[in-house]
1. Just one of (1) open to solvent by less than 30 Å² (accessible area, probe 1.4 Å); (2) part of a helix (DSSP H, G or I) trips up LYS35, so point out which.
2. Which residues, taken from region 74-83, are open to solvent by 60 Å² or more (accessible area, probe 1.4 Å) and touching a residue at least 24 places away in the same chain (Cβ under 8 Å)?
3. Of the residues LEU87, LEU13, only one is touching a residue at least 12 places away in the same chain (Cβ under 8 Å) and exposed (fewer than 15 other Cβ atoms within 10 Å of the Cβ); which?
4. Of all the residues that make up region 16-40, how many are hydroxyl-bearing (Ser, Thr, Tyr) and more than 30 Å from LEU87 (Cβ to Cβ)?
Amino acid sequence: MGNEVFDITEALLRTDGDMELFQELAGIFLENYSKQLADVENAIEKNDRNALESAAHSIKGSVGVFCAKPALEAALELEIMGRENNLSGAYEAYKVLSIEIERLRRALETIDDWTEPEI
């Protein structure tokens, strides 16, 4: 089930083809993504560049597990904004990240309906 939201085949390669481990990682992500998004939003609201860089880096790692390129790129953009202390456009970038995280959430919530791809 490779799609534009994330690459299941590549993600399963990262777990040595272990669908159970992949599902466990998806469950952890689904439990934690809303707090991670809130951390990014709070950092932007406080204009805290260090907190933004850290929160965006954290969420980038979380979505990277799933090879979720659109979400990863959105998080990377925010991480760079924090690193470079340039938060102009951060709210717009946060909106993109929120949309991509929501798309990933919806895709991961359907895991039980998947058939395991050949890797």
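1. (1)
2. Listed by number, the list holds a single entry, ARG83.
3. Working: LEU87 fails: exposed (fewer than 15 other Cβ atoms within 10 Å of the Cβ).
Result of the check over LEU87, LEU13: LEU13.
4. 0
Table: residues versus (1) surrounded by 13 or more Cβ atoms within 10 Å (Cβ to Cβ); (2) touching a residue at least 40 places away in the same chain (Cβ under 8 Å); (3) in contact with a Ser or Thr (Cβ under 7 Å, 6 or more places away or on another chain).
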| residue | (1), (2), (3) |
| --- | --- |
| LEU21 | yes, no, yes |
| GLU53 | yes, no, no |
| VAL65 | yes, yes, no |
| TYR91 | no, yes, no |
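The values are calculated or read from the model by the stated rules, or taken from the named source; none is laboratory data. Since the structure is predicted, the reported quantities are computational estimates derived from the model, not experimental observations. With ideal geometry, Cβ positions are generated from the backbone for all residues, glycine too; neighbour counts draw on all protein chains shown. Areas reflect the complete protein model, heavy atoms only, side chains present, ligands, DNA and RNA absent. Shrake-Rupley method; radii C 1.70, N 1.55, O 1.52, S 1.80 Å.
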